[in-house]
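Scroll down for the structure; my scribbles are underneath it.
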Amino acid sequence: TQLLEQSPQFLSIQEGENLTVYCNSSSVFSSLQWYRQEPGEGPVLLVTVVTGGEVKKLKRLTFQFGDARKDSSLHITAAQPGDTGLYLCAGRNTDKLIFGTGTRLQVFP
Amino acid sequence: GAVVSQHPSRVICKSGTSVKIECRSLDFQATTMFWYRQFPKQSLMLMATSNEGSKATYEQGVEKDKFLINHASLTLSTLTVTSAHPEDSSFYICSASVGRSYEQYFGPGTRLTVT
C-alpha cells in the first residue's frame, strides 16, 4: 500500500510567519499534486510537479518535488489568514491519486 | 471550464435506507470518474474508479454491494449507499478526468449523515 505522510499534521501560526509542509513516501510517483481544501468543499488544485527536483512558485507558495520523486514540500512565505485550510499532497499512480494524510493550517491575524 | 457538480450537497437519511449521490461533469465529457470518502479531520480515501459503460473498480476494503456505482453516461456517475448505517456518515467527493490527461477535477462534495 502506497502511503503519503504529511508533517506537521497541524500548524497554527501568526500572520506574516513562514512555514513548510512536508510530504513523504517510500514510493516513487510519476507526478505529485498539492491541493487546498476548505471545510465542506472539495479540494482545489494548487500545483502539479512532474520532474524530480522541480521547483514551482505560485505567488507566496513554493513547491518542490524531491529528486527521487518520493517526496515534496510546500513553503508559504508571509502567511495570511486566507491561507487557512487543509493542505493535501497527492501522488499519482497511473490514473489514481493517492492522497497524503493532510496538514491543517490555521493562520491568525 | 472543467466544472464538476454533486447533488445533493447535504443529505440526512435513516439507518437502513439507501441514498443516491450524483456526480456530473458540466462542461466536459468525463471518461473516468472517481469516488472518495473523507471522514472528519482525515484525508481523502479512494473508494472506486468508474469508466463510462463498464463496471467500477473498487479499492480494497470497499464493499461493492454496499456502495453501488453507476457510470451510465460521459457526464454522470452515481453512488448509491445501500442500507446505510451511522458509520457510513461521511463526506463523499467525486472527481472526473478526461481521456488520458489524468487531471482530475473535483466536485464540491456531499455530506451524508445517517441517523
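Hey, what's the Cα Rg ratio for chain A versus the globular rule of thumb, 2.2 N^0.38 Å?
Cα-based Rg divided by the globular estimate yields 1.00.
To the nearest 20 debye, what is the magnitude of the charge dipole of chain A about its Cα centre, counting +1 on the Cβ of each Lys and Arg and -1 on the Cβ of each Asp and Glu? Before the final figure, lay out the partial values.
Numbers: 10 positive and 10 negative charges, 47 e Å.
Result for chain A is approximately 220 debye, rounded to the nearest 20.
Quick one: check the C-alpha center-to-center distance for region A:1-40 versus region A:76-109, whole angstrom.
If you average the Cα positions of each part, the centres end up 5 Å apart.
For the protein assembly as shown, what is Rg from Cα atoms divided by 2.2 N^0.38 Å, rounded to two decimals? Display every interim value, and only then the final one.
Details: Rg = 17.7 Å, N = 224, 2.2 N^0.38 = 17.2 Å.
That ratio works out to 1.03.
Quick one: which residues, 5+ away or cross-chain, put their amide H under 5 Å from the amide H of residue A:47? H built at 1.01 Å from N.
Answer set, sorted by chain and number: A:34.
Taking region A:1-100, which trypsin sites (Lys or Arg not before Pro) meet the DSSP loop condition and have no more than 12 other C-beta atoms within 10 Å?
Filter output for region A:1-100: A:59.
Taking Cα atoms of region B:1-47, Rg/Rh with Kirkwood Rh, to two decimals? Numbers along the way, then the final one.
On the way: Rg = 13.1 Å, Rh = 12.9 Å.
For region B:1-47, the value is 1.01.
DSSP loop trypsin sites (Lys or Arg not before Pro) in region B:1-46 with at most 14 other Cβ atoms within 10 Å of their Cβ, which ones?
Numbers: sites: B:10, B:14, B:20, B:24, B:37, B:41; in loops: B:14, B:41.
Within region B:1-46, the qualifying trypsin sites (Lys or Arg not before Pro) (loop, at most 14 other Cβ atoms within 10 Å) are B:14, B:41.
Can you pick out the pairs among B:14/B:41; A:96/B:14; A:56/B:55 whose Cα atoms lie more than 28 Å from each other?
A:96/B:14; A:56/B:55
Give me a comma-separated list of calculated 3J(HN,Hα) values for region A:44-59, in order, Karplus coefficients 6.51, -1.76, 1.60 applied at θ = phi - 60°, integers in Hz, x for any Gly or Pro.
10, 5, 9, 7, 10, 10, 10, 9, x, x, 5, 10, 10, 10, 10, 6
Across region A:77-88, in residue order, what do the Karplus-derived ³J(HN,Hα) couplings come to in whole Hz, using 6.51 cos²θ - 1.76 cosθ + 1.60 with θ = phi - 60° and x for Gly and Pro?
Result, ordered by residue: 9, 6, 4, 10, x, x, 7, 4, x, 9, 9, 10 Hz.
All of the numbers you see were taken from the coordinates with simple rules; none came from a lab. Just so it is clear, the structure is predicted and the values come from calculations on it, not from any experiment. Reconstructed Cβ throughout: ideal geometry from the backbone, glycine too, with neighbour counts over all protein chains shown.
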